[in-house]
Amino acid sequence: MSIGVGIIGTGNISRAHAKGYQQSGQARIVAVCDIDLARAQTAAAEWGVDRVFTDYRDLLALPEIEAVSVCTWNQAHCAPTVAALQAGKHVLVEKPMAATTAEAWQMVLAARQTDRIMMVDMKWRFMPELLAGRLAVAEGRLGQVYFAEALGWQHRGIPGGSFIRQDTAGGGALMDNGVYTLDAVLFMLGHPKPLTVSGSARAHMGTRPGGSWRPEDFTVEDFGTAYVRLEGGITLFFAHAWAIDFSDQWQMRLAGTHGSFEIYPFSSPKLRMTVGGYGDLQEVTPPLVEGSMEVPYAVGKFVEAVITGAPSPVPGDTFLYTNVIFDGLYESSQTGAEVAVRLPG
């Protein structure tokens, strides 16, 4: 069986989606769409596609398309996703899921009402180390988890382009790359509900000269930190920076009453786990399952779910927890006070 696929938005990330569809052997790209016709035509030529559109509604009208990838900028994730679901298509939408919790909730409702798959392309969900961490927590090997850390320091990683503008991105470093560590930790914990957020989000580097962009175009944060209270008595420290004068450092760590779990995705070793009590704590090596933290692998999981009718590999109803925390963090940064947050619905 081979499914017909459309790709909405033909910027850089769409190449990874196209590669995933091509490698799956079970999907064919039928049409592409981009508001920039020349860019859409270039992508179509690369992928051997004949149908090119500048309005995603024209693409969604094609009956041979069963699924779509939404690879637009963040502020344009919601509308085409909802329209695609209502047109009976399955959807793989890029991270972050949406620019706001309200938009993310619209997307979740559309998926429920249409009984279509909506998957967020969070490639880290398939990282073997992350899957091992989720299993360790679920099995109670760490005891009662009471602290979590989701941290990403990039030395010089400001992307420029649409990523640095509020009107297109909806948020900066926190939503762009911070979402990786934040979602990873929430996933390992089994998605406890966020209760309160106290945070700060600022632009310290992007508004200064020296980059490849115009500082006056920089309207999002490049640095942010947050203290998040989660149900179950868990506290979470979350932080990310596109540019900070530290060495690059990415880590997700959990501390429990009977051990800890640490993931360093770009370092060696990637994983450290301890189990035991105060006097007999020891390092252990948890078993890893097959997986990958690359986009084509996640795309393959989406195709597999569409063909088999399996549930969404990365459903929106829990992924929107990240949006809830982002909204609370931005509000807290503006007000200078801790913010109580609620899940929609």
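Rule-based calculations on the coordinates, nothing more; no lab input. Given the structure is predicted, the values throughout are model-derived calculations rather than measurements. Cβ atoms come from the backbone with ideal geometry, glycine included; neighbour counts cover every protein chain shown.
Modelled spin labels at SER267 and GLU64, positioned 7 Å past Cα toward Cβ, are 5.1 nm from each other.
Cross-link pairs exceeding 21 Å between alpha carbons, from the set LYS193/LYS270; LYS89/LYS301; LYS123/LYS301: LYS193/LYS270.
Full extension of the chain between THR308 and GLU216 gives 28.2 nm of extra length, using 0.36 nm per residue less the Cα-Cα distance.
Using the Cβ-Cβ distance between SER247 and THR42 with R0 set to 41 Å, the FRET efficiency works out to roughly 0.65.
What is the Cα centroid distance between region 129-164 and region 268-345, reported in whole angstrom? Between the Cα centre of region 129-164 and that of region 268-345, the gap is 7 Å. Each label was represented as a point 7 Å from its Cα along the Cα-to-Cβ direction; for VAL289 and GLU331 these points are 3.6 nm apart.
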